Structures are given as structure tokens and as C-alpha cells.
Amino acid sequence: MKLFIPGPVTVRQDVLNEMAKQMIGHRTKDASKLQKDITEKMQKIFGTKNQVLLSTSSGSGLMEGAIRSCTLKRAACFAIGDFGEKWYKMAINNNTPADLFKSELGDITTPEQVDEVLKTGKYDLITVTGNETTTGIANPIKEIGEIVKKYDDVIFCVDYVSSAGGVKIDADDFGVDIAITSSQKSLGLPPGLAFCTFSPKAEDRAKKVENRGSYFDLLNLKSFIDKKDNQYPTTPALSLMYAANFQLDYILNEQTLEKRIQNHKDMANLVRTWAKKHFDLFATEEKYASNTVTCIKNTKNIDVANLIKELKKQDILLGNGYGDLKDKTFRIAHMADFNIDDMQDLLNRIDNILGF
Ligand SMILES: *Cc1c(COP(=O)(O)O)cnc(C)c1O
């Protein structure tokens, strides 16, 4: 099966092979080195000098940990789709005071909107979706960051789960305190590992928050790795870490991050051009369309379920629209280690099925 869904993605065989290696003790120097190596490589993916924390969980774990560990007063959660709303629900389920600010589906979170909300002085943490997988939209994080910088006491958290490793991120430059991602999307790894940046400002904040939970207490993770040479409080997913270390070497040294980002742009352009020719983009403004996943408006009212069924017969998995957008949209992910040829082949197959 070739997976054109927005995660999990098809993983290269040599990456999978890394996971078959024998275990090491998680309290050994080898474990410290492995975790330190991954951390330093992920700093390049995120564009940060801050500490990167690893988590044996999917990305949602760190999203929950971030909002719970670092909200003292109240969190403002900006949503442009389901994943943005999920962050708000995590806050509520943890008794963390929060308000939800939704944009129309297809639109972005605007810097002006963020300014209006922060001006009230009610909030000391915000969550923004870097790349909303359900609508195929990338928010203007740099521009939003310019606004957030005016508010000294606000912690800026960004969900880059479906784009880190496929797009350029300059977390420090953008003023992002906690940037989060998962292994199974643009990084091209199996699911089960998550990564986040943790700024000194976020760390200071967490010290003031009383009930930070335990497994996803970001301050506890940070304090532990500081004291224990990059080791973690609980047993980490070593197999996934072998794979991550190997894949990050490939991305940074063999492929280079620049070429990987360009490859994502090229794939996105190909799919968007095709989508506009036959359908329409779900994104209201094309300049905010995501470079890792395209959400296509089903303007021809095709039978999406049937298209997915026909592709499955050819060992290809494609994504329907998410939640309320099912059948009204469908999604083509162009992330991780696919290239232009993979995307062209997929589009040709869709053309054949739909008689284009
Ligand atoms: C997939 C996804 C998540 C959830 O990540 P998990 O690793 O499944 O927990 C969150 N946000 C976005 C934008 C996603 O695409």
C-alpha cells in the first residue's frame, strides 16, 4: 500500500530496518547519546536553539502537555479546523481555563484577530495550528509571531504536526515558545514519537503552574534531561528513536533540508495545479494552501468513497475529507519521502478512474 493520507505515511525500508536493531539500556551512555543526537537534529528541523523534548506518544500528548503545563491565567485557542479545536478540548478536559476562537473553514487565523484577543489582557498562552490538516491550510505563523512578541507574558504554542520536516520553520525567529510535531507525518517515520521545542520563557512559566500532570509535564521532562544527561523519566520508544536518528541524518545530510522543503513545494504545486484544473482548492486564498496536504473542494460532486475504493484496488490509500468535510472535500497528502513522480502517478490513476 502507498499511503497518500496525511499520516501515517509510507516509510522507507531502510528506515524501517533501523527498528529491528537490538535494545540498549535506557539508563546508559548510549541512550543519552541517542537522545541528544536526535534533539540536536530536531533543533535544525524546528529552527531553534532551545531545548527539544522527545515524547513516547503521538503529537497530541505534547499538545496536551503544553497547554496544561504552561497556562497560568487562561489560554486562547485559535482554530481553523478540527485540530485547532482539539487543542481547546484538551484544555477543558484538564481544567485549564481556555477560550476558543474559530475562523471560517477555509480561512486562516489572522494576526489582527490574535491582536484583538490578546489586547484584552485575559490570556497568557495561545495555541495556533501551523498546518491544519483537515482544511489544507498553513497559517502565517511568522506574522502572528510579530503580534505575539508585543505581549511579553504570552506563551506561543504552534501545532506543526503535519508540516515539520516538510516546510521551513524558524521557531526562534517567529517567537514560538513551543513548536510541536509527530513522527508519522512529514518526517517520514512510523507513528509513536513526538517532539517539541521548549523555550526558557515556557520553562519559567511552567514553574509557576501547580498542576501540570505527570507523563506530559513538560517541566519535568526538561528538568530530568538536564539532570540525567538527556535521559527521560520513563522508558522511551528506543526502536523509534533508532529510526528517527537515521531518518534525520538522511534529511539533514544526504537529502538536505533545503531540497526536502523544495520537494514539498514542487509536489504541492503539481497537486494544486491539477486540483484547480478539475475541481477547486478548499483554501479561500491559495497563498495559504499547505505544502504538505491539499484539501480539494468536490465541486464536481464525484463519489469520493468510490474513488477511494478504486484506488485501494491499486494498493493506494487516499484520504476523504475530515469530519463534516467528508465527501464535500477529499485530501491528497504530499509529504515525507514521496516525490513528483509519485504524485504524478497518483494523479494519472485518479484521472483514469474519473475519466478526465
Ligand atoms: C495528525 C495531527 C495531529 C494529531 O497528531 P497525533 O500524532 O495523531 O497525535 C494534530 N494536529 C495536526 C495538524 C495533525 O495533522
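The values are calculated or read from the model by the stated rules, or taken from the named source; none is laboratory data. Remember, predicted model here, so these are calculated numbers, not experimental data. As a convention, Cβ positions derive from the backbone with ideal geometry for all residues, glycine included, and neighbour counts pool all protein chains shown.
Okay, residues lined up against (1) buried (at least 22 other Cβ atoms within 10 Å of the Cβ); (2) not in a loop (DSSP other than H, G, I, E, B):
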residue: T181; (1), (2): yes, yes
residue: L187; (1), (2): yes, no
residue: P191; (1), (2): no, no
residue: C196; (1), (2): yes, yes
residue: Y232; (1), (2): no, no
Residues being polar (S, T, N, Q), surrounded by 14 or more Cβ atoms within 10 Å (Cβ to Cβ) and under 24 Å from the mean Cα position of the chain (by Cα) - total across segment 323-350:
1
Considering I316, I353, I296, which residue is in contact with a strand residue (DSSP E or B) (Cβ under 9 Å, 6 or more places away or on another chain), of a type outside the set (F, W, Y), surrounded by 15 or more Cβ atoms within 10 Å (Cβ to Cβ) and over 17 Å from G106 (Cβ atoms)?
I316
Every residue in segment 273-296 that is closer than 25 Å to V161 by Cβ and either assigned to a loop (DSSP other than H, G, I, E, B) or free of Cβ contacts under 8 Å to residues at least 12 places away in the same chain (or both), please.
F282, A283, T284, E285, K287, S290, N291, T292
Quick test of your reading of the structure: T273 fulfils all but one of (1) modelled with pLDDT of 95 or more; (2) under 18 Å from T133 (Cβ atoms). Name the failing condition by number.
(2)
What pairs come up if the first residue lies in segment 122-141 and is over 14 Å from T110 (Cα atoms) and part of a strand (DSSP E or B), the second is near the ligand (Cβ under 10 Å from one of its atoms) and modelled with pLDDT under 95, and their beta carbons are under 7 Å apart, counting only those six or more places apart or on different chains?
none
Taking Y242, is it in contact with a Lys or Arg (Cβ under 6 Å, 6 or more places away or on another chain), at pLDDT 95 or above and more than 27 Å from V128 (Cβ to Cβ)?
yes
Would you please name the residue that is surrounded by the fewest Cβ atoms within 10 Å (Cβ to Cβ), looking only at residues in segment 128-157 that are among the aliphatic types (A, V, I, L, M) and within 12 Å of the ligand (Cβ to nearest atom)?
A138
Please verify whether segment 108-124 includes one or more residues that are closer than 25 Å to A268 by Cβ, within 16 Å of the ligand (Cβ to nearest atom) and surrounded by 24 or more Cβ atoms within 10 Å (Cβ to Cβ).
yes
Filter segment 158-178 down to the residues that are within 12 Å of the ligand (Cβ to nearest atom) and either basic (K, R) or not in a loop (DSSP other than H, G, I, E, B) (or both) and list them by number.
V158, D159, A164
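Results for (1) assigned by TED's automatic domain parsing to the domain that holds T181; (2) under 24 Å from P191 (Cβ atoms); (3) aliphatic (A, V, I, L, M), shown as yes or no for each residue.
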position	(1), (2), (3)
K29	yes, no, no
Q35	yes, yes, no
E40	yes, yes, no
L53	yes, yes, yes
S60	yes, yes, no
E64	yes, yes, no
I67	yes, yes, yes
K73	yes, no, no
F78	yes, no, no
Report yes if P97 is closer than 18 Å to S290 by Cα, surrounded by fewer than 18 Cβ atoms within 10 Å (Cβ to Cβ) and in contact (Cβ under 8 Å) with a residue 24 or more places away in the chain, otherwise no.
no
So which residues in segment 198-223 are among the aliphatic types (A, V, I, L, M) and not in a helix (DSSP H, G or I), if there are any at all?
V209
I'd like to verify a number: residues in segment 180-192 that are near the ligand (Cβ under 9 Å from one of its atoms), farther than 18 Å from D170 by Cα and not basic (K, R), how many?
4
Which one is nearest to the ligand (Cβ to nearest atom), of the residues in segment 70-90 that are under 18 Å from V148 (Cβ atoms) and of a type in the set (G, A, S)?
G84
Is it true that some residue in segment 242-261 is surrounded by 20 or more Cβ atoms within 10 Å (Cβ to Cβ) and among the charged types (D, E, K, R)?
yes
Helices (runs of 4 or more DSSP H) wholly inside segment 1-99 that include at least 3 residues being of a type in the set (F, W, Y)
82-93
